[in-house]
Every structure is written in structure tokens, then in C-alpha cells.
Amino acid sequence: VGHNEDRQHLFFDCTFSRQVWSFFTTRIQLTSPLLFEDGLRWLVNPSRDKNVKLIVRLLHQACLYLIWKERNSRIHTD
């Protein structure tokens, strides 16, 4: 916290968000999105495989949730 809180920084550029994305994507051998727009494109058509598509969408939700939760924790508890 203390940086410009635009969506790019918060969800993709800050160290914590990069660690969250990397934690999940490396385990399923995917490359995490680098830009907010890449994340949106990633959700639209991540794969032809229905299971991979579901995993990518759940992964995206989990990352956004964890990043937002950490952001709120840093603002409201520290």
C-alpha cells in the first residue's frame, strides 16, 4: 500500500500479486497474465479443454480474491 492503486499495479505489478499468480500458475504449467487486459483475454478462451477452462477461471478468481484480501488487511490492520 502507498503506491498508485490502479488495477494494473494492484493485481499484476506489485510483488505480492506476482507471487500469488506465480504460486498457482507454475503448478499447472501456465504463464500468468502480465496485464489486466491479458487476464481478461485469458478468461475468455483459456483452452479448448473444459477442465482447463474451469481451472483457469477458478484460478483467476482465487488470485483476485487473495490479492484483494491482502490489500484490505494491509490498509485496515497495519
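Listing for the model above:
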| quantity | calculated |
| --- | --- |
| Accessible carbon and sulfur surface of the chain relative to its total accessible area, %, 1.4 Å | 56 percent |
| Principal-axis tilt of helix 50-76 within the chain, Cα atoms, nearest 10 degrees | 0 degrees |
| Solvent-free Debye scattering, log10 I(q)/I(0), computed from the Cα coordinates of the chain at q = 0.12, 0.20, 0.23 Å⁻¹ | -0.34, -0.85, -1.07 |
| Heavy-atom accessible area per residue - the chain, 1.4 Å, Å² | 73 Å² |
| Computed [θ] at 222 nm, deg cm²/dmol, the chain (DSSP H ≥ 4; -39,500 (n - 2.57); rounded to nearest 500) | -21000 deg cm²/dmol |
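The values are calculated or read from the model by the stated rules, or taken from the named source; none is laboratory data. Bear in mind that the values here come from a model prediction, so they are computed numbers and not experimental data. The area values use the complete protein model at the heavy-atom level, side chains included, leaving out ligands, DNA and RNA. Shrake-Rupley method; radii C 1.70, N 1.55, O 1.52, S 1.80 Å.
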